[in-house]
1. I'd like the full set of residues that are more than 16 Å from ligand 1 (Cβ to nearest atom) and among the polar types (S, T, N, Q), limited to segment 116-151.
2. Restricting to segment 194-222, give me the number of residues that are of a type outside the set (D, E, K, R), open to solvent by 10 Å² or more (accessible area, probe 1.4 Å) and over 19 Å from Thr37 (Cα atoms).
3. Please go through segment 7-43 and give me each residue that is over 21 Å from Arg233 (Cβ atoms) and touching a helix residue (DSSP H, G or I) at 6+ places or on another chain (Cβ under 9 Å), ordered by number.
4. With (1) open to solvent by 20 Å² or more (accessible area, probe 1.4 Å); (2) in a helix (DSSP H, G or I) as the list, and Met92 as the residue in question, which single condition is left unmet?
5. Quick check on Arg116: is it at pLDDT 95 or above, more than 13 Å from the chain's Cα centre (by Cα) and not aliphatic (A, V, I, L, M)?
6. Would you mind stating whether Ala85 is touching a Pro at 6+ places or on another chain (Cβ under 9 Å), away from ligand 2 (no atom under 16 Å from the Cβ), assigned to a helix (DSSP H, G or I) and at pLDDT 95 or above?
7. Can you pull out the residues in segment 150-193 that are within 16 Å of ligand 2 (Cβ to nearest atom) and open to solvent by 10 Å² or more (accessible area, probe 1.4 Å)?
8. Return the pair list, or none, for Cβ contacts closer than 6 Å from residues in segment 67-79 that are among the acidic types (Asp, Glu) to residues that are open to solvent by 40 Å² or more (accessible area, probe 1.4 Å), at least 6 apart or on different chains.
Amino acid sequence: MASCASKICEVKARLATTGSVTVLTGAGISADSGVPTFRGADGLWRNFKAEDLATPEAFARDPRLVWEWYNWRRELIATKHPNPAHYTLAEMERRFPRFWLITQNVDGLHRAAGSRKLSEIHGDIWKVRCTRCGAVTENRDVPIPILPSCAGCGGLLRPHIVWFGETLAAEDLARSFAALQQCEVLLIIGTSGIVYPAASFAPVAKQAGAFIVEINLDATPNSSLVDVSLRGRASEVVPELL
Ligand code: BV8
Ligand code: ZN
């Protein structure tokens, strides 16, 4: 076999000999679909940062403002489609006997590309949750009437999304840690590695002996930990891995 001149070739060789792959994605995998990232140049909305609006305190203080931000994102995301990176991960799910996708993204593009073995650990922008009765429903109204109310009890609806200061669903955490501990290869795609607990996932997989590959435009806090860093756009690099 030709020597692995390129890092891509090394990663392909690893994927060719493993049966267990876990993937962690962030906003960078959807950037090439036209969905703004959080901490890139296009990440702001009316000069607010995600950390200012994606909190229960912000919603309690000004639910209209928070719903205006989510409505703006829903309207934008409604016109976007999965890119080759999303489709490649859906193909990987079919190809590897043990595969799990952990995404921090709430845009639904992995599901739209056909991924089913996934944990949307920060929630789903197309779901709403009643602040009174807790009912979770899918809502694809674009625009969504502000302020939306629960069909069942009339309570105020909120996005079914994990905000800063809120804990992730126990089931998502358990499923993610299991996938991180049992994988032979972990792919980390398009995340700045700043937000916890997702930022602690690479060390968990490393501890369990996984071969870790990072695909990102830039270096991140994960970069010093990974075995191979592939610098480039996810929509170009990820399809090359299969
Ligand atoms: C929790 C929902 C336990 C919003 C999100 C102090 C006080 C209170 C809490 C904390 C604190 N210090 C730390 C914390 C914990 C906090 C946290 O980590 N804060 C950070 C800011 C330090 N975390 C939490 O609160 C979590 N809960 O810990 O519970 C607890 C409870 C109480 C008190 C303490 C702890 C909840 C975290 C979830 C927050 N919700 N989203 C929404 O989406 O509407 S996080 C938000 O950031 C998004 O979900 C996003 O996915 C996530 C991570 O961002 P990235 O996906 O990485 O995106 P980013 O733009 O940052 O980076 C993009 C990357 O892609 C870049 O590296 C770029 O180079 C690259 N890229 C760009 N284009 C491309 C590309 N790569 C490849 N190809 C391209 N084309
Ligand atoms: Zn209700």
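1. Those that are more than 16 Å from ligand 1 (Cβ to nearest atom) and among the polar types (S, T, N, Q): Thr131, Thr137, Ser149.
2. 7
3. Of everything in segment 7-43, those that are over 21 Å from Arg233 (Cβ atoms) and touching a helix residue (DSSP H, G or I) at 6+ places or on another chain (Cβ under 9 Å) turn out to be Ser20, Thr22.
4. (1) is the only condition that Met92 fails.
5. So Arg116 fits the description; yes.
6. Yes: the conditions hold for Ala85.
7. Residues satisfying the conditions are Cys150, Ala151, Gly152, Cys153, Gly154, Leu156, Leu157, Arg158, His160.
8. Close Cβ pairs (under 6 Å, with a partner that is open to solvent by 40 Å² or more (accessible area, probe 1.4 Å)) amount to Glu75/Val142.
The values are calculated or read from the model by the stated rules, or taken from the named source; none is laboratory data. Just so it is clear, the structure is predicted and the values come from calculations on it, not from any experiment. Ideal geometry is used to build each Cβ from the backbone, glycine not excepted, and the neighbour counts take in all protein chains shown. The area values use the complete protein model at the heavy-atom level, side chains included, leaving out ligands, DNA and RNA. Shrake-Rupley method; radii C 1.70, N 1.55, O 1.52, S 1.80 Å.
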